[in-house]
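Below is one structure; the comments refer to it alone.
The values are calculated or read from the model by the stated rules, or taken from the named source; none is laboratory data. Keep in mind the model is a prediction, meaning the values are calculated, not measured. Please note: Cβ atoms are built from the backbone with ideal geometry, for glycine as well, and neighbour counts cover all protein chains shown. In case anyone asks, the SASA skips ligands and DNA or RNA and just uses the protein heavy atoms, side chains included. Shrake-Rupley method; radii C 1.70, N 1.55, O 1.52, S 1.80 Å.
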Amino acid sequence: MPLLNKVRTAASGGSGGDTATRSLSRLRVALTLFFALDGFLFAGWVVRIPAVKQQTGASAGDLGLALLGVSAGAVITMTLTGRLCRRYGSHAVTVATAVLLSLSVALPALTRSPLALGLVLLVFGAAYGGINVAMNSAAVDLVTALRRPVMPSFHAAFSLGGMIGAGLGGLLAGGLSPTAHLLGLTGVGLVLTAVAGPALLRHPSPTPPKSLAPAARTPGSPSRAGTRRVVLVFGVIALCTAYGEGALADWGALHLEQDLGAHPGVAAAGYSVFALTMTVGRLTGTALLERLGQTRTLVAGGATAAAGMLLGALAPTVWATLLGFAVTGLGLANIFPVAVARAGAVAGPGGVATASTLGYGGMLLGPPSIGFLADWFSLPLALTTVAALAAGAAAMGYWARNAGSEPAS
C-alpha cells in the first residue's frame, strides 16, 4: 500500500495508522541522527584547525585562502543538490553525502601544504553543502507528512551535535594527533551512517495527503517568477539569521575582552551562551510553532534577537552583554528552520537549496562585514548590524505571512 494511503488511513484512524506512524517515527529518528552527525563532524574539524595550520606550515593568509575551499565547495554543491534530490530522492542523496562527509573530514590531517589543504577542503565543503540541502529537503517532506512543525528539532540536533563535537575535540586536542582524531571522526560518521542510513533508503520521502500537497497552479495563483521571489525572501531571512551566528562566533569574544575588559575565560563563554540558548530555543521550537504559528514565530524571534543584540552590543557591563547574547540566541533559534521549511513548502528541494545557499552566504558575510565596519567605526557599532538584520527578518517574515503553505498552529 502506498505511503500516501497509509498516511490518510492513519489520519482517519484506520488500520494502517500504526504502520504509517512507525514508518514516519523511524524516518524522524534517522534524520535527527544525520543532523546531529553533520554538526558533530563539522565542529570536530573546526577545533583542529590550529593544529592543521601548524602541520601544513600555513601563514594566517594561507589558512584563510585554504578555508575558502570549504565555502566554495559548499556554495557550488548547494546549487546542484536540489536537482540531485529531485532526480534521485533526498533520502539517497542524504546518505551518499553523509558517507562523503565522513570520509573527507579526515583528509585535512593528511595534508602537508596549504595548497593541498585548500583542495581537500573543497571536497569537504562540497559534502557539507550537499548534506545540508539534502537532509533539509527530506525534513521538509517529513514535516508535511507529520502535520507538526518539528523542523526546529532537527536543527536542535545539529546544534547539540556541534556542541558535543567541539567539547570532545577540545578534550582530545591535547593528547591526540589531528590525524588520529579526524580518522576517529570518520569511523564514527561511517558507523552512524550505516545505522541510520537504511531507514532512509528503505523508505522514499513521505507523500503528503492531497489536502496538504501544493495545489496545481491556477490563473489566480502565484507565477513561477512570483514563487522565486517568495523563495528569495525566505532565503534572505535565513541569511539574516546566519549573519548573526557567524558574527557572534568570530567577534563576540573579542568584543567582551577588548571593549569590556572581560577575562579571557569569560570572553570565551560569550559564544557558548549564545549557542546554548539557541539550542534550547530549537528544542522548544515545535511547541512554540504549534502555539504561535510560523509567521508570529518569525516576527517574535526577529524582534527578540534585535533587542538582545542591541543590549549585547551596547551594554556597558560584561554580564549585561552576556545576557544580550543569550537573548539573541533565543530569538534567532527558530528563524532559520522556519525560513528553510517555508522555502521548501513553496518550491521543494530547489527552494531548500536556494534558502540554504543564501543562509550559508550570510554566515560567510557576517564576520568580514563586522571586521570592516569595526575598522571604520567601532566593534560595538558594527555588532548592531546583527540587530538591524534581525529586525529586517521580522519585517520580511510579516510581509511574507501569506506566502507558501503555512500549516495552522
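Some points to look at:
- Any pair with Cβ under 6 angstrom, 6 or more apart, that starts in region 58-70 at a residue that is in contact (Cβ under 8 Å) with a residue 40 or more places away in the chain and ends at one that is part of a helix (DSSP H, G or I) and open to solvent by 40 Å² or more (accessible area, probe 1.4 Å): Leu63/Lys53; Gly69/Leu122
- Residue-level check: of (1) surrounded by 21 or more Cβ atoms within 10 Å (Cβ to Cβ); (2) β-branched (Val, Ile, Thr); (3) more than 18 Å from the chain's Cα centre (by Cα), Val47 misses just (1).
- Residue match in region 143-163 (condition: over 19 Å from Arg48 (Cα atoms), of a type in the set (S, T, N, Q) and out of contact with any Cys (no Cβ under 6 Å at 6 or more places or on another chain)): yes
- Subset of region 246-290 (residues that are open to solvent by 40 Å² or more (accessible area, probe 1.4 Å) and not hydrophobic (A, V, I, L, M, F, W, C)): Asp250, Glu257, Gln258, Asp259, Gly261, His263, Pro264, Gly265, Tyr271, Ser272, Thr284, Glu290
- Subset of region 50-74 [in a helix (DSSP H, G or I), touching a helix residue (DSSP H, G or I) at 6+ places or on another chain (Cβ under 7 Å) and open to solvent by less than 50 Å² (accessible area, probe 1.4 Å)]: Ala51, Val52, Thr56, Leu63, Ala66, Gly69, Val70, Ser71, Ala72, Gly73, Ala74
- Residues being out of contact with any helix residue (DSSP H, G or I) (no Cβ under 6 Å at 6 or more places or on another chain), open to solvent by less than 50 Å² (accessible area, probe 1.4 Å) and among the polar types (S, T, N, Q) are entirely absent from region 90-111.
- Residues in region 323-344 that are among the aliphatic types (A, V, I, L, M) and crowded, with 24+ Cβ neighbours inside 10 Å: Leu332, Ala333, Ile335, Val338, Ala339, Val340, Ala341, Ala343.
- Complete set of residues in region 21-38 that are open to solvent by less than 50 Å² (accessible area, probe 1.4 Å) and modelled with pLDDT of 90 or more: Leu27, Ala30, Leu31, Thr32, Phe34, Phe35, Ala36, Leu37, Asp38
- Thr81 vs. criteria in a helix (DSSP H, G or I), open to solvent by 10 Å² or more (accessible area, probe 1.4 Å) and farther than 25 Å from Gly57 by Cα: no
- The listed residue being in contact with a helix residue (DSSP H, G or I) (Cβ under 9 Å, 6 or more places away or on another chain) and over 16 Å from Pro367 (Cα atoms), out of Gly235, Gly265: Gly235
- Single unsatisfied condition, Leu383 versus (1) more than 25 Å from Phe35 (Cβ to Cβ); (2) surrounded by fewer than 24 Cβ atoms within 10 Å (Cβ to Cβ): (2)
- Residues in region 101-149 that are hydroxyl-bearing (Ser, Thr, Tyr) and touching a residue at least 40 places away in the same chain (Cβ under 8 Å): Ser102, Thr111, Ser113, Tyr128, Ser137, Thr144.
- Filtered residue count, region 364-380, keeping only those that are in contact with a Phe, Trp or Tyr (Cβ under 7 Å, 6 or more places away or on another chain) and open to solvent by 60 Å² or more (accessible area, probe 1.4 Å): 1
- Among residues that are modelled with pLDDT under 95 and assigned to a helix (DSSP H, G or I), Gly371 is included.
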